[in-house]
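The values are calculated or read from the model by the stated rules, or taken from the named source; none is laboratory data. Note that this is a predicted model, so its numbers are computed, not measured. Heads up, the Cβs are rebuilt from the backbone with ideal geometry, glycines too, and the neighbour counts pull from every protein chain shown.
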Amino acid sequence: MSSKNHPYASTATNLPDTICYLNGEFCPLREAKISVLDRGFIFGDGVYEVVPLYQGQPFRFEQHMARLDRSLLELRIPNPYSKSEWLNLVQQLASHFAQTTNQKVEHTQQIIYIQISRGVAPRDHAMPADCVPTVFMMANPFKPVSPEIRATGVKCVSAHDFRWEKAHIKSTSLLGAVFARQISADVGATETIMFRGDYLSEASSSNVWIVKNGTVFAPPKDHLILEGIRYGLIDEMCKAQSIPFVLRKITKEEVFSADEVLLSSASKEVLPVSHIDDRLVGLHTTHAGKPGPIYKKLHLAYQSFVDASCNSH
Ligand SMILES: Cc1ncc(COP(=O)(O)O)c(C=O)c1O
């Protein structure tokens, strides 16, 4: 069977009709091609970033670039671009996206995906010395969580964290995250909250926060979790709102008896959890199974930080 007649070949026509960036060129996403020997394809040997854009402007760009540097350093992949070159590429891609959707860039909310793999080499596990990294970027619409979902909160399930011990790297080796997410997807829940032994780590693609007696707690920034860009942001928002903020190990018991549980990520921003494994969050509070007061403060603070960032450009 030729590859053109392959039954899945038709899915290529279902791809979004947008422009992407691949190795120095902008081209239609449908036409972008990489080598089958790319180590990103063969080994998941690469890193990525997901940068949200509000009113066409990247939010917390410096922090995303700093995390990209940290991930690349771990993989010993040289960063192919400077920060200003990355910013330029993000802005160009954002303009292409706005054009294909007939909008002014400053009226768009986008999610920019950046992926860097080690590059193309004969298949061998050891890291080849002189690979040229493959750089891929695409823009997607940023669909904010609906007010209806924000008003009810989201259901989550708990699971053992069976991923590896280098979770601090934003790596494209994501099978652990895929398996983890599927546990919640199978029961129609939004996220899978994971525990290593008795301790909270994070969710499949979000960080997890608990609130107890007015204090916000999250697990320490170590190799067992990805330090979401919202880690620093929630710290700043708590300071601005005089909310006590503590990073320390959190037990399963503490999660299940928390007054509030929140998720955070670029696309979820901060999002309240209503149930874990069908148990109401904040059972003994007046807002059992509903978004609580600290979530409401942080959600408002988030919007102010976004507005301030947009106004500063
Ligand atoms: C495993 C994991 N933890 C946390 C996060 C949240 O990170 P950020 O706030 O930078 O989106 C993500 C985001 O994709 C993730 O994949």
Long-range neighbours under 6 Å by Cβ, at least six apart or interchain, first residue farther than 19 Å from ARG163 by Cα within segment 213-234, second in a loop (DSSP other than H, G, I, E, B): THR215/PRO244; VAL216/ILE243; PHE217/ILE250; ILE229/ARG60
Residue that is nearest to the ligand (Cβ to nearest atom), among those in segment 169-198 that are loosely packed, with under 14 Cβ neighbours inside 10 Å and without any contact (Cβ under 8 Å) to a residue 40 or more places away in the chain: VAL178
Close pairs from segment 96-109: first outside the structural domain of LEU29 (by TED's automatic domain parsing), partner assigned to a helix (DSSP H, G or I) and modelled with pLDDT of 95 or more, Cβ under 6 Å, at least 6 apart: none
Meets criteria (at pLDDT 95 or above, under 19 Å from THR108 (Cα atoms), out of contact with any Asp or Glu (no Cβ under 9 Å at 6 or more places or on another chain) and in the same structural domain as ARG196 (by TED's automatic domain parsing)) for GLU254: no
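Out of segment 289-313, which residues are in a loop (DSSP other than H, G, I, E, B) and farther than 20 Å from PHE59 by Cβ?
Residues of segment 289-313 in a loop (DSSP other than H, G, I, E, B): 289-292, 312-313.
If the condition is that a residue be in a loop (DSSP other than H, G, I, E, B) and farther than 20 Å from PHE59 by Cβ, then GLY289, LYS290, PRO291, GLY292 are the ones that fit.
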Within segment 118-147, tally of residues that are assigned to a loop (DSSP other than H, G, I, E, B) and among the β-branched types (Val, Ile, Thr): 2
Residue in segment 252-274 that is within 15 Å of the ligand (Cβ to nearest atom), within 21 Å of the chain's Cα centre (by Cα), farther than 23 Å from GLY188 by Cα and surrounded by fewer than 17 Cβ atoms within 10 Å (Cβ to Cβ) present: no
Pick from segment 145-168, criterion within 14 Å of ASN207 (Cα to Cα) and under 15 Å from the mean Cα position of the chain (by Cα), ranking: nearest to the ligand (Cβ to nearest atom): ALA167
Pick from segment 199-212, criterion within 11 Å of the ligand (Cβ to nearest atom) and of a type in the set (Ser, Thr, Tyr), ranking: farthest from PHE162 (Cα to Cα): SER206
Test: residue in segment 288-306 that is of a type in the set (Val, Ile, Thr), crowded, with 21+ Cβ neighbours inside 10 Å and at pLDDT 95 or above: yes
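Restricting to strands (runs of 3 or more DSSP E) lying wholly in segment 148-229: which have 2 or more residues that are touching a Cys at 6+ places or on another chain (Cβ under 8 Å)?
Working: elements: 154-160, 191-196, 199-203, 207-212, 215-218.
So the answer is 191-196.
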Condition broken by ASN102, with the remaining ones in (1) in a helix (DSSP H, G or I); (2) polar (S, T, N, Q); (3) at pLDDT below 95 satisfied: (1)
Residues located in segment 217-230, provided they are buried (at least 18 other Cβ atoms within 10 Å of the Cβ) and within 15 Å of the ligand (Cβ to nearest atom): ALA218, PRO219, LEU224, ILE225, LEU226, GLU227, GLY228, ILE229, ARG230
